[in-house]
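Input: a single structure, listed below in structure tokens.
Bear in mind that the values in this text are calculations on the coordinates, not laboratory data. Computed from a predicted structure; not experimentally measured. As a convention, Cβ positions derive from the backbone with ideal geometry for all residues, glycine included, and neighbour counts pool all protein chains shown.
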Amino acid sequence: SAVLSLASVFLFFKPGLEYGIDFSGGSVIEVQAPGVSVSSLREQLAAHHFDQIALQEFGNDGHYLVRLPAQSAEDIATGTKVQAIKEQVLQLAPDASFPRVEMVGPRVSGDFGDATILAMILAGLGMLVYLWVRFESHFALAATLTLALDITKTIGFFALTGVEFNLTAVAALLALIGYSVNDKVVVFDRIREKLRDDPQKPLMQTLNESITSTLTRTI
């Protein structure tokens, strides 16, 4: 587990996370263009100097997400580039529609990043305090360490697979923290019961039996 978490830390720095618009800034345009292939749409945009965009198939056929990198504050305010992309799509597919357009400036995306780090730290500290009060210090420290292993491996999964890391991913990580600690509480309760029933039993055996007895619930 520790080796996988260390590898995940390296993956976090290189190749790094595929940050979504929430963290990197820029624009996302959802396009519905029935009958238009992803290759023809990419060629149409590239022909008009939109080489830096990321084009992703999304949902049903003819449904795409167009991602535009971070722009200047003026471009975001006026929506010039977004409008230009819409015009190119309409030239290719006059019946195309744009159900969703999101624009995030670099200042806002930076604030999101700071808030995410703060949320993770506060969640971890909150769990540490709760377990310290509910059980004992060594239980709390063990759970916090395991929590760090869980989170780092999940972030490593994002880095390895290239899955977009956005605010939804942050919500998933916070949910993971809650679930992970909930699982630890169940196991710790069982350990405490077995320690009271038979204090002389070897600790390793008590831990093993406690984890095994809660394994079906965990799965």
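What percent does the relative contact order of region 126-219 come to when contacts are Cα pairs within less than 8 Å and at least six residues apart?
With pairs under 8 Å counted, the relative contact order is 24 percent.
With only alpha-carbon atoms in the gyration tensor, what are the semi-axes of the equivalent ellipsoid for the chain, in Å, largest first?
On the way: eigenvalues 467, 65, 39 Å².
Gyration-tensor ellipsoid for the chain: 48, 18, 14 Å.
Which net charge results when you count Lys and Arg as +1 and Asp and Glu as -1 among the other residues whose beta-carbon is under 14 Å from that of Asp197?
For residues surrounding Asp197, the net value is +1.
Obtain the nm distance between the two label points defined at Ala47 and Val186 by a simple spin-label model: each point lies 7 Å from its Cα along the Cα-to-C-beta direction.
Taking the simple label geometry, Ala47 and Val186 are separated by 5.8 nm.
Quote the Stokes-Einstein diffusion coefficient, in whole µm² s⁻¹, for region 90-215, based on the Kirkwood radius over alpha carbon pairs, a temperature of 25 °C and a viscosity of 0.890 mPa s.
It comes out at roughly 138 µm²/s.
What is the gain in length, in nm to one decimal, between Leu145 and Ala84 on full extension, counting 0.36 nm per residue of separation less the C-alpha to C-alpha distance?
Length difference between fully extended and current span is 17.0 nm.
What is the chain's relative contact order, in percent, from Cα pairs under 8 angstrom and six or more apart in sequence?
28 percent
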